[in-house]
1. Within the range 167-177, does at least one residue satisfy the condition of being farther than 27 Å from Ser221 by Cβ, open to solvent by 60 Å² or more (accessible area, probe 1.4 Å) and among the basic types (Lys, Arg)?
2. So in the range 320-344, with the set limited to residues that are in contact with a strand residue (DSSP E or B) (Cβ under 9 Å, 6 or more places away or on another chain) and farther than 21 Å from Ala422 by Cα, which one is surrounded by the fewest Cβ atoms within 10 Å (Cβ to Cβ)?
3. Output yes when any residue across the range 282-290 is away from the ligand (no atom under 16 Å from the Cβ), without any contact (Cβ under 8 Å) to a residue 60 or more places away in the chain, open to solvent by 50 Å² or more (accessible area, probe 1.4 Å) and more than 30 Å from Gln11 (Cα to Cα), and no when none is.
4. Within the range 41-57, which residues are free of Cβ contacts under 8 Å to residues at least 40 places away in the same chain and either among the aliphatic types (A, V, I, L, M) or in contact with a helix residue (DSSP H, G or I) (Cβ under 8 Å, 6 or more places away or on another chain) (or both)?
5. Among Arg305, Arg310, which is the only one that is among the basic types (Lys, Arg), in a helix (DSSP H, G or I) and under 22 Å from the mean Cα position of the chain (by Cα)?
6. Pick from Val133, Val150, Val110: which is buried (at least 18 other Cβ atoms within 10 Å of the Cβ), in contact with a His (Cβ under 8 Å, 6 or more places away or on another chain) and on the phi < 0 side of the Ramachandran plot?
7. Tell me, which helices (runs of 4 or more DSSP H) wholly within the range 1-99 include 3 or more residues that are open to solvent by less than 60 Å² (accessible area, probe 1.4 Å) and at pLDDT 95 or above?
Amino acid sequence: MSPVLVNQTLQWQALQRHWETLRAQRMRDLFAADPKRAATMSLTVAGLHLDYSKNLITQETLDRLIDLAEAVDLKGWIDRMFNGEPINNTEDRAVLHIALRNRSNRPIRVEGEDVMPAINGVLARMESFVGRVRSGDWRGHTGERITDVVNIGIGGSNLGPKMVCAALAPYQTESLRVHFVSNVDGTHLVETLRGLNPATTLFIVASKTFTTQETMTNAGSARDWLLTALGDSSAVARHFVAVSTNAEKVAAFGIDTANMFGFWDWVGGRYSLWSAIGLPIALAVGFDRFAELLEGAHAMDEHFRTADLRENMPALLGLIGVWYANFAGARTHAVLPYDQSLRYLPAYLQQGDMESNGKGVTREGVAVEYTTGPVVWGEPGTDGQHAFYQLIHQGTQMIPADFIGAVHSHNELGDHHPKFMANFFAQTEALMRGRTYDEALSELLAAGMDEEQARFLAHHRTFPGNRPTNSLLMERLTPHTLGALIALYEHRIFTQGVVWGVNSFDQWGVELGKQLANVILAEIQAGKVTADHDPSTRALLERFIRQRKL
Ligand code: F6P
């Protein structure tokens, strides 16, 4: 008997009917009808204040969404994750990024063994290493102090630490700069290394598998760069450390496993910044700040694990996202940080969300009959406002958006921050309220325009409104609030994966392209197309090979 898809449940069908009754509702009317709406649809957790009242939802919508969450046993899945059960069923692995930041040290067992001692052991090694590098005790091969750290990794071994390092730039010291190289395009490595001194540069090769083509290619070229300059292969020991689960491959690359920081197969790449993959973060801001990041995430974890679904911030955000994706027909989700230092958050969440929930079959392998992961995208405000907000305001599709900002900036410069945040509040208000034709017309007439022209222009100056947003406001972007924010999104993704019945923790979809690239690389290197390609790919490849020879 095949398992029931979520769209076949009564709860899903009730939501479909509910959408039909709500789709014509105006949010501005919902606010007018309920003066307490903003207060009842807000909550504060771990330093993050969420106002979700500017959504096209009512209390009934929330009741029905929670009925759906109960129907799919969201609470049970949360418990299974937190208890170390192998919920990544296609790889038969537990999913325990939450253990990496389990600051309570509550025992969490995988196959009967508490993982906390091993986690704490790696954290202690990281702390000691970070202390040595930052104090200048760890020296390069020629005895000089390390001034630059280059993290070589891709996907989860890059996006998380890169995003967090940018977000926590105000906490960094000038004396140790951290760089990130991910793309196998040689330009990335060449441009990063330009101007760096090999004698004072430390490389972190970050790869869970230590087989990823991009990372191993960049690591090899970085090693060549170092050895060409220092002329002694023993220099690798002082200039290369590794973060991986694969000690054998690390040793084969020539890195002493004493300089390797391990993690475990139950840490997914896109959920790994809390593990030793966070080493560049700890080097950049110091271990204590890294620990604060873990604490912020832990506070959100405890909330997600224990709070009632009705008061559960990640669950609510996840369910509201389901509401738009599956009932209102939204296809994308915008992440709009009003904080320049969160500029990499949208890219980070693209991997987090799209690699997790971009799935077309359920955990049991049954094809889904509904939309799963949305396209996640975004840019920091106000740059986004001058680029793509036009479409969010007046385009034909609904784009739910998260606005994220802080009360205080780390760089209070004149009235920059009030101006910046005035835009945050104005945009969410405009998206919700819109402007009716009559309002646009009255404004134009009041400004003295002649009636015919005003009647024409009012069509263009009408805003449909009813465009949903969540507002996330924190006092200040600190390691703690950032940790909570990232964990919030991780659990939002998890919630949605549970509703859709997919395994959010594998990523088989990236394999096929990788396999074909290996075949094609061999053909390029041989200068001859031999494999069975489609006519388009064959012609492109032949053209590429021909022009490379010129
Ligand atoms: O893109 C696929 C992927 O497996 C990601 O999930 C992962 O974060 C990335 O490649 C890098 O993998 P690794 O850390 O093993 O080099």
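The values are calculated or read from the model by the stated rules, or taken from the named source; none is laboratory data. The model shown is predicted, which means the values in this text are computed figures rather than measured ones. Cβ atoms come from the backbone with ideal geometry, glycine included; neighbour counts cover every protein chain shown. Heavy atoms of the whole protein, side chains included, go into the accessibility calculation; ligands, DNA and RNA do not. Shrake-Rupley method; radii C 1.70, N 1.55, O 1.52, S 1.80 Å.
1. The answer is no; no qualifying residue exists.
2. My answer is Arg331.
3. As a first pass, look at the range 282-290 and keep what is away from the ligand (no atom under 16 Å from the Cβ): 282-290.
Subsequent filtering for residues that are without any contact (Cβ under 8 Å) to a residue 60 or more places away in the chain retains 288.
With the extra rule that they be open to solvent by 50 Å² or more (accessible area, probe 1.4 Å), the set shrinks to 288.
Pick out the ones that are also more than 30 Å from Gln11 (Cα to Cα) and you get 288.
Yes, because at least one residue in the range 282-290 is away from the ligand (no atom under 16 Å from the Cβ), without any contact (Cβ under 8 Å) to a residue 60 or more places away in the chain, open to solvent by 50 Å² or more (accessible area, probe 1.4 Å) and more than 30 Å from Gln11 (Cα to Cα).
4. Met41, Ser53
5. Arg305
6. Numbers: Val133 fails: in contact with a His (Cβ under 8 Å, 6 or more places away or on another chain); Val110 fails: in contact with a His (Cβ under 8 Å, 6 or more places away or on another chain).
From the options Val133, Val150, Val110, the qualifying one is Val150.
7. Numbers: elements: 10-22, 27-33, 37-40, 59-71, 74-82.
So the answer is 10-22, 27-33, 59-71, 74-82.
Listed here are the residues, each with its yes/no results for (1) more than 16 Å from the ligand (Cβ to nearest atom); (2) touching a residue at least 60 places away in the same chain (Cβ under 8 Å); (3) of a type outside the set (Gly, Ala, Ser); (4) not assigned by the TED database to the domain that holds Ala167.
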residue: Thr245; (1), (2), (3), (4): no, no, yes, no
residue: Ala252; (1), (2), (3), (4): no, no, no, no
residue: Met260; (1), (2), (3), (4): no, no, yes, no
residue: Phe263; (1), (2), (3), (4): no, yes, yes, no
residue: Gly278; (1), (2), (3), (4): no, yes, no, no
